[in-house]
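J.: Would you mind keeping the following structure in view while I ask a few things?
Read-outs throughout are calculated quantities, based only on the coordinates presented, and are distinct from any laboratory measurement. The structure displayed is predicted, hence computed values, not measured ones. Cβ atoms come from the backbone with ideal geometry, glycine included; neighbour counts cover every protein chain shown.
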Amino acid sequence: MDAAPYLCPACRTNRTRFTLIYHFAQQVHKDPRTGALTFAADELAPLERAGRPALDVRCEICNFQGNEGVFVKAAQKDGPPGQRPLS
Ligand SMILES: [Zn+2]
């Protein structure tokens, strides 16, 4: 899936320039009065979504942001580049 082509579903022109946004979870304990951290886990755990790393993608052209799946689906639906006449 890492090599799946992306197509921005919003502007439908961008297939090449994206920002990947990763989500990590860190367990912390806080002092209820001061808000100070009394414990912070060393590990950042990657968040998962349906068994895959939760990964958002942002289009660098129009700034649309959504989960990776919508970019992959848009590319699959649209087919490979160059097979449709440009309008
Ligand atoms: Zn876009």
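J.: Between helix 68-78 and the chain, what is the angle of the helix's C-alpha long axis to the longest principal axis, kept within 0 to 90° and rounded to the nearest 10?
T.: 10 degrees
J.: When the chain is fully extended, how far beyond the present Cα-Cα distance does D31 get from C11, taking 0.36 nm per residue of separation?
T.: 2.6 nm
J.: Also, quick follow-up: Have a look at L37, L55, L20 and tell me which one the Gaussian network model of the chain (Cα, springs below 10 Å) gives the largest fluctuation.
T.: Among L37, L55, L20, the largest mean-square fluctuation in the Gaussian network model of the chain belongs to L37.
J.: Return the long-range amide H neighbours of I21 (sequence gap of 5 or more, or a different chain), with a cut-off of under 5 Å between placed amide H atoms.
T.: Long-range HN contacts for I21: D56, V57, R58.
J.: With each label point set 7 Å from Cα along the Cα-Cβ vector, what nm distance links E60 and L47?
T.: My value for the distance between the label points is 2.5 nm.
J.: Only Lys, Arg, Asp and Glu count, each charged at its Cβ (+1, +1, -1, -1), so figure out the dipole size of the chain about its Cα centre, rounded to 20 debye.
T.: Dipole size: approximately 440 debye.
J.: Taking the chain as a Gaussian network, Cα atoms linked when under 10 Å apart, which of A74, A50, A25 shows the biggest mean-square fluctuation?
T.: Of A74, A50, A25, the most mobile in the Gaussian network model is A50.
J.: In a solvent-free Debye calculation with one equal scatterer on each Cα, what is log10 I(q)/I(0) for the chain at q = 0.15 Å⁻¹, listed in the order of the q values?
T.: Evaluating at q = 0.15 Å⁻¹ gives log10 I(q)/I(0) of -0.65.
J.: How many nm separate the modelled label positions at D78 and Y22, each set 7 Å beyond the Cα in the direction of the Cβ?
T.: Here the answer is 2.7 nm between the modelled labels.
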